[in-house]
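J.: Dropping the structure in here first, questions after.
Each value in this text was obtained by applying a stated rule to the coordinates, not by laboratory testing. Because the structure is predicted, anything quoted here is derived from the model rather than measured. Here Cβ is always computed from backbone atoms with ideal geometry, including for glycine, and neighbour counts include all displayed protein chains.
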Amino acid sequence: MSTFKRGTAGFYYYDYVIEGDRFAGSTKKRTKREANVFEFEHRAKEEAKRTASPAQLLTLSAAVDRMFEEEDWHMIRTGNQVRARMEVVFSVLGKDTLLSAIDDSGIKRVVAHLRGLGLEESTVNRYRAHLKTLLITAYRKWKAIPGVPYIQITNEPNGRLRFFSHDEETAILDLLRAGTPQRAQRVISWNPYPEAADLFTVLVDTGMRLMEAVSMESRDVNMATNLIHIWKNKADKPRSVPMTDRVRAIVGARLGRERVFLFTDQKQINRVWRMLRKALPWLADAVPHTFRHTTASRLVQNGVDLYVVQKMLGHSTIRVTEKYAHLAPGNLKVAVDALNHLHQSALSASIALDNVLQFPSQEA
């Protein structure tokens with residue numbers, strides 16, 4: 001190992017040559033053993049660069065930029081928040097770290113740092129989810145890394161599920177269809193309110209995620225089979241969802257467009273939603289994603305099997321779908337009927353036993 005101690009600080013330095021190129025610098029380690037490990041890893045990375053393809057030389061910061069430029073991160077409502085979170089990740093792993101160098105130990109360092117900041121586990125999970133999406137995209141789509149390190153999303157306590165009643169849905173859609181552009185027309189040249197009414201109708205009838213619907217293209221719609229094909233989604237599992245009559249009418253009338261809906265980013269939808277919240281105060285605890293919860297809730301409440309709900313909504317595992325299981329009144333009725341039957345059977349058996357054990361009274 002070509003490490004040696006130099007200066008009064010007590011740090012070890014490395015100095016080696018690869019194919020005529022010299023590499024030298026401080027390991028910032030104070031023991032020979034740690035310095036040798038650092039030098040070995042540093043040399044391995046430099047040697048790997050010489051045989052790697054351009055895609056495999058993608059750095060963490062470049063990968064994040066690419067997610068905003070090529071993928072959907074620029075369209076999500078919390079885009080600025082995602083940027084800020086990734087800056088925190090940069091401070092732990094280094095923004096110039098090769099994406100291929102991020103492993104389990106790197107993920108653990110990020111998680112430990114976040115917990116050290118006192119963040120709640122639900123917030124730490126958001127960081128994990130961003131990293132997981134980034135690495136899966138780099139592996140499956142960009143072919144920039146050989147594999148994806150395991151990133152576990154920990155369990156979070158389930159909160160109250162918010163979903164819309166039919167009356168609430170009607171109030172939202174009627175208000176949007178009666179809306180006029182007003183201030184919004186200065187931002188975009190078309191009326192966003194009727195467009196949002198049709199978009200939300202599709203959401204509530206299909207269970208699609210907001211960005212799945214916004215990104216839908218005419219070529220994704222098959223009127224012959226009555227299916228919408230979703231190729232790109234959070235779970236990275238392509239799926240198809242059937243169209244109700246009103247979804248078929250909405251989508252069919254837009255098939256001449258490249259994209260089915262005119263919205264180009266989530267900011268436009270956020271402006272519409274702010275208008276709705278101002279006009280309908282009871283929407284304070286709801287977001288557009290509530291339409292997806294509404295779809296799942298209605299399906300389960302009407303006796304649709306959880307496995308079918310999972311496939312339609314594109315949940316990664318059945319455990320995600322199970323949070324709606326308690327809404328199935330039919331299952332609860334079967335359970336109560338079973339208990340009532342057992343109680344009646346036991347009561348009947350007890351009466352029969354009393355009759356058998358009764359002795360005729362003896363006359364004095």
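J.: What is the calculated FRET efficiency for Ser240 to Lys32, with r their C-beta to C-beta distance and R₀ = 56 Å, to the nearest 0.05? Kindly include the intermediate steps, with their values, before the conclusion.
T.: Numbers: r = 61 Å, r/R0 = 1.08.
After rounding to 0.05, the efficiency reads 0.40.
J.: Cut-off is 10 Å between beta-carbons; in what order do Asp205, Asp96 appear when sorted fewest neighbours first?
T.: Numbers: Asp205 21, Asp96 10.
Lowest count first: Asp96, Asp205.
J.: Which ordering of Ser316, Ser350 is given by a fewest-first count of other beta-carbon atoms within 10 Å? Each step should come with its number before you reach the end.
T.: Numbers: Ser316 14, Ser350 10.
Sorted ascending by nearby Cβ count, the order is Ser350, Ser316.
J.: In addition: Arrange the following residues from fewest to most other Cβ atoms within 10 Å of their Cβ: Arg298, Arg140, Arg254.
T.: On the way: Arg298 21, Arg140 11, Arg254 16.
So the residues, fewest neighbours to most, are Arg140, Arg254, Arg298.
J.: Extension gain Trp282-Ala112, at 0.36 nm per residue separation less the Cα-Cα distance, in nm? Please list the in-between numbers first.
T.: Working: separation 170, 0.36 × 170 = 61.20 nm, distance 3.91 nm.
Between Trp282 and Ala112, full extension yields 57.3 nm more.
J.: Another question about this same structure. Kindly express, to the nearest 10 degrees and within the range 0 to 90, the angle between helix 266-279's C-alpha long axis and the longest C-alpha principal axis of the chain.
T.: That works out to roughly 40 degrees.
J.: Between rounded, prolate and oblate, where does the chain land on the alpha carbon gyration tensor, with a ≥ b ≥ c its root eigenvalues, rounded for a/c under 1.5, else prolate if a/b exceeds b/c? Provide the component values of the computation, followed by the final result.
T.: Details: a/c = 2.75, a/b = 1.48, b/c = 1.86.
Oblate shape, in that a/c is at least 1.5 and b/c is the bigger or equal ratio.
J.: Can I ask one more? Towards the positive end of the charge dipole of the chain, with charges on Cβ (+1 Lys, Arg; -1 Asp, Glu), say which of Trp73, Phe4, Asn222 has the farthest Cα.
T.: Phe4
J.: Multiply the residue separation of Ser345 and Tyr16 by 0.36 nm, subtract the distance between their alpha-carbon atoms, and state the gained length in nm to one decimal. If you can, show how the numbers build up before the last one.
T.: Values: separation 329, 0.36 × 329 = 118.44 nm, distance 8.57 nm.
Full-extension gain reported as 109.9 nm.
J.: Over all distinct alpha-carbon pairs, what is the Kirkwood Rh of the stretch 1-155 in angstrom?
T.: In the stretch 1-155 this quantity evaluates to 17.3 Å.
J.: Where Lys and Arg each count +1 and Asp and Glu each count -1, what net charge lies around Tyr14 among other residues with Cβ under 13 Å from its Cβ? Mind dumping the intermediate values first?
T.: Working: positive: Lys5, Arg6, Arg22, Lys28, Lys29, Lys32, Arg43, Lys45; negative: Asp15, Glu34, Glu39, Glu41, Glu46.
Taking every other residue near Tyr14 into account, the sum is +3.
J.: Okay, next question. Would you work out the relative contact order for the chain, in percent, from Cα pairs under 8 angstrom that are 6 or more residues apart?
T.: Working: 381 pairs, mean separation 42.4, N = 364.
Value for the chain: 12 percent.
J.: Is the shape of the stretch 166-326 best called rounded, prolate or oblate, per the rule: a/c under 1.5 gives rounded, else a/b larger than b/c gives prolate, else oblate, with a ≥ b ≥ c the square roots of the Cα gyration tensor eigenvalues? Spell out each step's value before the answer.
T.: Values: a/c = 1.88, a/b = 1.29, b/c = 1.45.
Taking the square roots of the gyration eigenvalues as a ≥ b ≥ c, the stretch 166-326 is oblate.
J.: Right, another one. Give the residue from Leu131, Val304, His343 lying farthest towards the positive end of the charge dipole for the chain; charges sit on Cβ (+1 for Lys and Arg, -1 for Asp and Glu) and the dipole is referred to the Cα centre.
T.: Working it through, the farthest residue towards the positive pole turns out to be Leu131.
J.: So how strong a dipole does the stretch 166-326 carry about its Cα centre when Lys and Arg Cβ are +1 and Asp and Glu Cβ are -1, to the nearest 20 debye?
T.: On the way: 24 positive and 17 negative charges, 101 e Å.
Approximately 480 debye in magnitude.
J.: Moving on. Mind running the shape call on the stretch 89-133? Use the C-alpha gyration tensor, a ≥ b ≥ c as the square roots of the eigenvalues: rounded below 1.5 for a/c, prolate if a/b tops b/c, oblate otherwise. Display every interim value, and only then the final one.
T.: Details: a/c = 2.11, a/b = 1.60, b/c = 1.32.
Prolate, since a/c reaches 1.5 and a/b exceeds b/c.
J.: A further question on this structure: Applying 1/(1 + (r/R0)^6) with R0 = 30 Å to the Cβ-Cβ distance of Leu161 and Lys232, what FRET efficiency is obtained, to the nearest 0.05?
T.: Values: r = 26 Å, r/R0 = 0.87.
Result of the calculation: an efficiency of 0.70.
J.: What is the distance, in nm, between label points placed 7 Å from the Cα along the Cα-to-Cβ direction at Ala9 and at Val308?
T.: The answer from the label model is 6.7 nm.
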